[in-house]
Amino acid sequence: MEKKAVTFASVLQNPIYKNRDVLYALLPPTGLLHRTEQKNELIMELAPILMNSAVSCVFVYGNPGTGKTAVITELMEELAEEAKKRNVKLLKAYVNCSENRTETTILVDVLSQLNPGKTYPRIGWTRSKAVAEFAKTLNDIKTNIIMVLDEVDYALKESGDDIIYRLSRINDSVQSKVSTLLISNDVRVADYIKPRTQSTLGRVKVIFSPYTSEELTDILKDRVKNAFNKDVVSEQVVQKIAEIEASRGGDARKALELLDSCAKISISKNTNKVTLDLVDEADKLLEKDTIFTLVATLTKHQKLLYLAMVQSNSNELDGGKVYKMYSEVCEKQNVQPLSIRSIRTFLVNFSELGLIKSEVTWLRNLRKKSRTIELNIDAATRKKLRKVIRDSI
Ligand SMILES: Nc1ncnc2c1ncn2[C@@H]1O[C@H](COP(=O)(O)OP(=O)(O)OP(=O)(O)O)[C@@H](O)[C@H]1O
Ligand SMILES: [Mg+2]
């Protein structure tokens with residue numbers, strides 16, 4: 001049977017989605033579900049900050065997609081709000097350590113958040129310069145600080161535990177009160193921490209367990225209400241997705257992606273309902289999703305280059321700046337960048353693979369002014385690509 005043709009108009013007219021972005025929002029409009037126990041524990045641990053007292057490192061563990069980043073993001077907002085109400089001085093900094101894998105780039109990232117008015121060089125600081133500047137800033141601002149180091153296992157594997165050791169002792173030597181929250185999805189994170197650091201760390205650990213199928217059902221149902229039009233997604237579809245993902249590791253992110261994939265197939269079939277029979281098909285589709293399979297085959301430096309490109313939120317990149325963006329990503333990942341010549345060759349490869357859209361003739365020298373490289377990736381795919389690439393470097 002010949003396939004039915006879809007057009008942009010038919011896709012846009014399709015009454016399936018109400019607001020697709022809701023599926024990928026870190027904090028859904030109706031709040032997070034089923035994490036009261038973890039939230040309670042964290043609130044008990046962090047409350048002393050509101051009494052102007054520093055909290056030693058608190059560890060948060062859990063498998064991917066179990067809501068660590070989401071819960072902590074929500075909690076940081078609540079903490080800041082409460083501090084404001086009580087006139088407690090508080091600054092917060094959040095660093096993703098799969099993006100920033102060295103002590104230097106982590107500290108520079110924190111500094112730029114503590115001091116938004118000041119511009120810090122994105123490249124080229126030595127570790128001692130960053131450490132000295134960090135101490136100086138903490139002494140100048142004299143305030144309570146909460147630092148979240150998310151996906152900290154990447155930094156530990158890449159550059160050792162010096163950063164944690166320093167932070168665990170920082171309150172002995174500066175006039176600000178620094179509290180640290182460490183998030184890891186590798187439960188063996190302790191293996192990367194030397195005994196001298198372990199003994200200075202707090203002993204508090206908050207565990208995020210995988211979601212059960214009942215919990216995933218609730219999480220999905222809640223998003224369905226805001227992301228899809230009424231009666232588009234049946235209860236059985238939600239339950240089946242929840243069961244599949246609960247059996248695989250209880251990852252809420254994957255469950256939401258599978259739901260989105262079901263919707264995509266329904267639209268391509270020009271139907272206005274997401275039916276039960278689509279779930280298995282959608283599951284297979286995700287497995288062979290071309291852009292992710294393609295990206296997985298790239299070499300390390302090609303991945304770093306592509307990561308630099310998808311990290312910018314624009315679909316049009318200034319060709320002349322791509323090399324600089326790539327070098328910045330390398331510095332953050334603790335990798336020596338390749339020459340501009342290799343990067344041009346990679347761009348030509350990307351164009352041939354369809355990862356970017358630009359004329360090959362021009363990519364060969366990147367010199368002509370005002371030429372842009374086109375990407376054309378939607379926000380949700382971009383977000384997933386960043387994660388997939390960072391996890392695979
Ligand atoms: N309890 C929840 N209620 C609603 N949505 C949730 C919940 N937990 C996770 N999600 C959603 O699932 C996705 C993944 O969550 P999150 O990014 O917090 O996971 P994570 O534990 O930080 O994963 P990773 O270890 O991969 O960083 C997010 O889109 C988030 O909004
Ligand atoms: Mg996370």
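A short reminder: the numbers here are calculations on the coordinates, not readings from a lab. Note that the structure is predicted; figures quoted are calculated from it, not measured. For neighbour counting, all protein chains shown are included, and Cβ atoms are generated from backbone atoms with ideal geometry for every residue, glycine included.
Annotations for the structure displayed:
- Projected-area mean, the chain, by convex hull of Cα positions, square nanometres: 21.8
- The mean sequence distance of close C-alpha pairs (under 8 Å, at least 6 residues apart), as a share of the length of the chain, puts its relative contact order at 20 percent.
- Alpha-carbon spread of the range 55-185, three principal axes, descending order, Å: 40, 37, 27
- Solution diffusion estimate, µm²/s, Stokes-Einstein, the range 168-291, Kirkwood Rh from C-alpha pairs, 37 °C, viscosity 0.692 mPa s: 187
- Distance violations [Cα-Cα > 26 Å] among 39/118; 142/324; 92/387; 118/300; 177/387: 39/118; 142/324; 118/300; 177/387
- The rule of thumb for compact globular proteins, 2.2 N^0.38 Å, goes into the C-alpha radius of gyration of the range 293-392 0.98 times.
- Gained length - residue 10 relative to residue 84, 0.36 nm times residue gap less alpha-carbon distance: 21.8 nm
- Nitroxide proxy distance, nm - points 7 Å out along Cα→Cβ at residue 393 and residue 198: 3.0
- Calculated FRET efficiency for the pair residue 140/residue 40, C-beta based, R₀ 30 Å, to 0.05: 0.30
- Label point distance in nm, residue 268-residue 380, each placed 7 Å from Cα along Cα→Cβ: 1.4
- Of all DSSP beta bridges in the chain, antiparallel share, percent nearest 5: 20
- For the range 137-201, the equivalent ellipsoid built from the Cα gyration tensor has semi-axes of 23, 13, 9 Å, listed from largest to smallest.
- When Rg and Dmax are taken over the Cα atoms of the range 66-136, they come to 14.2, 40 Å.
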